[in-house]
Amino acid sequence: MVKKQAPFVQDFDTLAIRTGIDRSHFNEHSEAMFLTSSFVFDSAAQAAARFSGEEEGYVYARFTNPTVTAMQERLAALEGAEACIATASGMAAIMAMVMALLKQGDHIVASQGLFGSTQQLFGNIFSKFGIETTFVPAADVPAYEKAIRPETRLIFVETPSNPLTELVDIAAVADVAHRHGVLLAVDNCFCSPALQQPLKLGADIVIHSATKYLDGQGRVLGGAVVGSKALMDEVFKFLRTAGPTLSPFNAWIILKGLETLRLRMEAQSHTAMALAQWLEGQPWVDRVYYPGLPSHPQHELAKRQQRLAGAIVSFDVKGGREAAWRLIDSTRMISITANLGDTKSTITHPASTTHGRISAEARAAMGVSEGLLRVAVGLESLQDLQADLSRGGA
């Protein structure tokens, strides 16, 4: 007998483990991985019905696959959403959302301080297709309203931002968006649904780079767009045709990663908090950027809209780029890589990596200095992280 496992409670941890389990005739306990490019039909009539959508069922793995469906259902449940569309990467998720919901002549209002590739996508690529973007200070709620035009269709924010952990008041910006009939999309990569659920604060769409905390171990690429069924149906139409598809293998890895999401996020956030406090006391550090610290300008907002402050700690090193690079090169344990969300702590110099394609003037306006370092805290001990950073901090 095939038994479909439906979530019977609304607790986050149970949803993270039990949602999306649809056992095959083998009645397996762990979720199955369906590594197939296509699916076989019982008849020509069934094939026609599946392709037209008259009959539910799987057709072709570019847009339908049971493993991907399971991952989508699980993430949607964790975000409190009706539906989710998985994509090949976080950047593919943003592309799919915009290409599905906007058209030539439309306008976007976006928060400043976005991830470097996101800025490039909005500023240099979408503009080629006649979709313009106005960037406004992330924390300046009136600025969003002032930037809205008659042709504005979307407000896009990233909170906390990469790498300076600047926050956007999601509820306040959602009020602005909805007064003008505009959608609000929130990049929830830094927090994940374990720490922040933007839809409950008024957002219409949530974007994820599943490569980060949703996988949690730096193994695969993935992305997701989450929201109402009506909006996700439009995103699905784009994905079906254009094909920025999440592979079944990657979906299975992310599906399993979601099972431990809250445990990892809580542990990493607690260590990040302690590390940020320690960094504030180091003589070689000019400033620490971490929402959990009372010194963070949006500390109170972080307490209102996030369960914990997250696992990203950024700080300015005295001495600019030379001192920052020396500190990076002195580490022996922390991984020198631009990825984040891993169980292994990572360190990067944003001005020459993630934000290297942005002009020096734009970086300066964002606050990304030559001495800025970003540490994505993993699951190592606090003492070992402190010792590793101390090697080059003198």
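Where a number appears in this text, it was derived from the coordinates with a stated rule and is not lab data. Everything numeric in this text was worked out from a predicted model, so none of it was measured. All Cβ positions, even for glycine, are placed from backbone atoms using ideal geometry, and neighbour counts span all protein chains on display.
A few comments on the model shown:
- N27/T337 FRET efficiency (R0 51 Å; Cβ-Cβ; nearest 0.05): 0.80
- Here the dipole of the chain is about 360 debye; that uses its Cα centre as origin and unit charges on the Cβ of Lys and Arg (positive) and Asp and Glu (negative).
- Between the amide H of D187 and those of V157, E158, T159, I207, distances stay under 5 Å, these residues lying 5 or more places away or on another chain, with hydrogens modeled in the peptide plane.
- Mean Cβ count within 10 Å, highest first, over the residues of peptides 287-300, 51-64: 287-300, 51-64
- The distance between label points at S330 and L263 comes to 3.6 nm (points 7 Å beyond Cα on the Cα→Cβ vector).
- Max mean-square fluctuation residue, GNM over the chain, Cα-Cα springs under 10 Å, options G222, G243, G320: G320
- Between L35 and R321, the contour length at 0.36 nm per residue exceeds the Cα-Cα span by 98.4 nm.
- Shape summary: the chain maps onto an equivalent ellipsoid whose semi-axes, from the alpha-carbon gyration tensor, are 36, 26, 18 Å in decreasing order.
- Taking every C-alpha pair closer than 8 Å and separated by at least 6 residues, the mean separation divided by the residue count of the chain gives a relative contact order of 16 percent.
- Options Q298, T346, F238, ranked by Cα towards positive dipole end of the chain, top entry (Cβ charges): T346
- Multiplying the residue separation of A360 and H178 by 0.36 nm and removing their Cα-Cα distance gives an extension gain of 62.0 nm.
- Highest mean packing comes first when the peptides 163-169, 30-36 are listed by Cβ atoms within 10 Å, giving 163-169, 30-36.
- Each helix, a run of at least 4 DSSP H residues, gives -39500 (n - 2.57); summed and divided by the residues of the chain, these come to -11000 deg cm²/dmol at 222 nm.
- Selection from T165, P248, L195 lying farthest towards where the dipole of segment 65-258 points positive, charges on Cβ: P248
- Net charge dipole, segment 86-227: roughly 280 debye, given to the nearest 20, about the Cα centre with Cβ charges of +1 for Lys and Arg and -1 for Asp and Glu.
- Packing-based order for 153-159, 248-254, 207-213, using average beta carbon neighbours within 10 Å, highest first: 207-213, 153-159, 248-254
- Full-extension gain in nm, F51 to L379, via 0.36 nm per residue minus C-alpha separation: 113.5 nm
- Directionally averaged shadow of segment 262-390, computed from the convex hull of its alpha-carbon atoms, nm²: 7.6
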